[in-house]
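A short worksheet on the structure shown next.
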Amino acid sequence: MKLTGIIRKVDELGRIVLPVELRRTLDIAERDELEIYLENDRIILQKFEYSCIFCGSSRGLITYRRKNVCQECIKKMSEY
């Protein structure tokens, strides 16, 4: 884990502000989606990337019934 020395307070609505330096470094723009999950006693924020529900690839995605599936997995499924 890389320490930044940046401390932010949580406001009355439970929000925090991500400093512009971090957003630039991680290529996070306004309206980007962030994934939030817990790892032991830590809250992890990660820029959300759409990926295939089967293999995790982010290339050639097709959305079917609100699920992302890559063309390679579709091809493999059609062989069955």
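Quick notes
- Qualifying residues in the range 4-13 (those that are under 20 Å from residue 44 (Cβ atoms) and among the aliphatic types (A, V, I, L, M)) - the one least open to solvent (accessible area, probe 1.4 Å): 6
- Residues of the range 23-47 that are part of a loop (DSSP other than H, G, I, E, B) and either open to solvent by less than 80 Å² (accessible area, probe 1.4 Å) or over 30 Å from residue 75 (Cβ atoms) (or both): 26, 27, 28, 29, 30, 31, 32, 40, 41.
Table: residues versus (1) under 18 Å from residue 4 (Cβ atoms); (2) open to solvent by less than 80 Å² (accessible area, probe 1.4 Å); (3) among the charged types (D, E, K, R); (4) part of a helix (DSSP H, G or I).
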residue	(1), (2), (3), (4)
15	no, no, yes, no
18	yes, yes, no, no
21	yes, no, yes, yes
49	no, no, yes, no
53	no, no, no, no
57	no, yes, no, no
63	no, no, no, no
69	no, yes, no, no
73	no, yes, no, yes
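The values are calculated or read from the model by the stated rules, or taken from the named source; none is laboratory data. In this text the structure is predicted, and so the values were computed from the model without any measurement. As a convention, Cβ positions derive from the backbone with ideal geometry for all residues, glycine included, and neighbour counts pool all protein chains shown. Accessible surface areas use protein heavy atoms only, side chains included; no ligands, DNA or RNA. Shrake-Rupley method; radii C 1.70, N 1.55, O 1.52, S 1.80 Å.
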